[in-house]
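Note sheet for the following structure.
The values are calculated or read from the model by the stated rules, or taken from the named source; none is laboratory data. Note that the structure is a prediction, hence the values are computed from the model and not measured. Virtual Cβ from ideal backbone geometry, glycine too; neighbours counted across all protein chains shown.
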Amino acid sequence: MDVSSLSMAFLGGVAMGTYPVPIKCRAVVDACVHPLVFQCYKSAWVFATGFLFLIPNAMRGTEPVFEFTWWAVLSAAAWIPAGICTIAAVPRIGMGMAMLLNAGTCSWLSFLVFWCFEGEKMRQHNVRGHEVYLAPVYLASMMLGMSQLVAVGAEPVCASATHAELIELVSEEDNEKAWKLKKTLARGGRWPQRIRLACFIESSLKSLSIAQMDRDWLLGVSCAVLGGVLSAIQAAAVTIGRQHAMQTAGCTVLSACPADVRERFNSCSSWVTSFGIGALLVCAAYVLAFCAYSCWHGLTVPSPCFEVMWRPGSIAGLLWCVGNFFLTLAVTRGGNAVMVPAGCAVCIISSGSWGLFYYKEVHGRSRVFHWCGAAIFTLMSMLLLSAERS
């Protein structure tokens, strides 16, 4: 077991699971800040902090101090739409389902691609004369634990909605508000409950057919899965880019490569800086495209909400930078096949812990015990999976 890589994945997952907490404060929620504004704050801090990692090189007189790489820009180009896909999925299928599909897709894709095609080795076990791999079993059990964390953490909104509340809902004069409330209710509980609830509300609102709601749900699932694919690409860019650079330079290990190649993929300096530059460029392109679209169609350009967002947006951005730094280190040292799933699992446990202990989102002693048991099961599966890399 690679303890150092696993520790970095743990730290990165904790930071990634914590960074949304500041932007869930009352002032930010009341301000209805546009998701693109959140992304701008994160990208700005990723760009600003990226140059701080070059200070040790400059102080030591390392040559070269900085080497730019387009592979980091590719990683940033996958990161931003991954976040947009997740944001688009949450109001359609709920936070828990969106994060589970995102993390599950990212974990399985990283595991299968880097195990089957990129040469990461897993241990074989002799079971009654047959050589078998247990790593997929441990990953599946980890996904099972994560699904239980999400299931317990999700409040059963549909089950708690009374007939009187539904009558009050459908009598809303503001159709847009009624639609938002409808989606809030519809994304809770099991799918048959959502169908029945949608049928009831539809008979009064006449604003959305069941077929349309079904398509909306499928769109949310598709966005969550696509977000997971893009997240896997973001994490894979550093490994694939480093392997390509090593092949081009004719070296089998990074330490034997020329200084410029080593610095280009140094996760503690130039890679982070290049990623920050790429994040700012890609985010600026999205902002310009969105503003052009809004102006063309006569829509209001979202406000940066600086007075409300400067503190929570900065804290969230810095936490994301810390999480991304440690997860990148974990991937470069321990491989994508194991460390990406580990980071996803810790992220879900961390965000669930905030929901359990800070936001008090889980009620009832049995549900709390269920959540804690699922968290322990997930962590044990993660440890067993990390021990399978040879």
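Restricting attention to the range 285-297 and to residues that are free of Cβ contacts under 8 Å to residues at least 24 places away in the same chain and surrounded by 13 or more Cβ atoms within 10 Å (Cβ to Cβ), the residue that is farthest from ILE80 (Cα to Cα) turns out to be SER294. Within the range 241-280, the residues that satisfy the criterion of being in contact with a Leu (Cβ under 9 Å, 6 or more places away or on another chain), part of a helix (DSSP H, G or I), farther than 27 Å from ILE87 by Cα and not basic (Lys, Arg) are GLY241, ALA245, MET246, VAL261, SER270.
Is it true that some residue in the range 311-319 is within 30 Å of LEU254 (Cα to Cα) and out of contact with any strand residue (DSSP E or B) (no Cβ under 9 Å at 6 or more places or on another chain)? Working first, answer last.
Here is the first cut: in the range 311-319, the ones within 30 Å of LEU254 (Cα to Cα) are 318-319.
Narrowing further to those that are out of contact with any strand residue (DSSP E or B) (no Cβ under 9 Å at 6 or more places or on another chain): 318-319.
Taking every residue of the range 311-319 in turn, at least one turns out to be within 30 Å of LEU254 (Cα to Cα) and out of contact with any strand residue (DSSP E or B) (no Cβ under 9 Å at 6 or more places or on another chain).
Taking TRP115 and the conditions (1) assigned to a helix (DSSP H, G or I); (2) out of contact with any strand residue (DSSP E or B) (no Cβ under 7 Å at 6 or more places or on another chain); (3) under 23 Å from ILE240 (Cα atoms), which numbered condition does it fall short on, given that it satisfies the others? So TRP115 meets the others, but not (2).
Go over the candidates ALA330, ALA345 one by one and state the one that is under 18 Å from SER147 (Cβ atoms), surrounded by 15 or more Cβ atoms within 10 Å (Cβ to Cβ) and either in contact with a Pro (Cβ under 7 Å, 6 or more places away or on another chain) or modelled with pLDDT of 90 or more (or both).
Details: ALA330 fails: under 18 Å from SER147 (Cβ atoms).
The unique qualifying residue is ALA345.
A Cβ distance below 7 Å, combined with a sequence gap of six or more or placement on separate chains, defines the contacts here; from the range 224-239, residues that are more than 15 Å from LEU112 (Cα to Cα) and touching a residue at least 40 places away in the same chain (Cβ under 8 Å) reach residues that are assigned to a helix (DSSP H, G or I) and β-branched (Val, Ile, Thr) in the pairs ALA224/THR86; ALA224/ILE93; VAL225/THR105; GLY227/THR86; VAL238/THR328; VAL238/VAL331; VAL238/THR332.
Could you tell me whether any residue of the range 279-289 is under 17 Å from the mean Cα position of the chain (by Cα) and at pLDDT below 90? There is no residue in the range 279-289 that is under 17 Å from the mean Cα position of the chain (by Cα) and at pLDDT below 90. Which numbered condition trips up ILE87, out of (1) crowded, with 18+ Cβ neighbours inside 10 Å; (2) within 14 Å of the chain's Cα centre (by Cα)? Checking ILE87 against (1) crowded, with 18+ Cβ neighbours inside 10 Å; (2) within 14 Å of the chain's Cα centre (by Cα), the one that fails is (1).
Being loosely packed, with under 14 Cβ neighbours inside 10 Å and more than 27 Å from ALA342 (Cα to Cα) holds for only one residue in VAL33, VAL3, VAL29, and it is VAL29. Residue under question is MET309, and the condition is that it be closer than 25 Å to SER5 by Cα, part of a helix (DSSP H, G or I) and among the aliphatic types (A, V, I, L, M); does it hold? In short, no. All of (1) under 30 Å from ARG262 (Cβ atoms); (2) under 14 Å from the mean Cα position of the chain (by Cα); (3) crowded, with 23+ Cβ neighbours inside 10 Å hold for SER351 with one exception: (1). I'd like to know if the range 153-164 contains one or more residues that are closer than 27 Å to GLY343 by Cα, surrounded by fewer than 19 Cβ atoms within 10 Å (Cβ to Cβ) and at pLDDT 55 or above. No - not one qualifying residue is present in the range 153-164.
Of all the numbered requirements in (1) more than 19 Å from MET142 (Cβ to Cβ); (2) modelled with pLDDT under 90, PHE325 misses one, and that requirement is (2).
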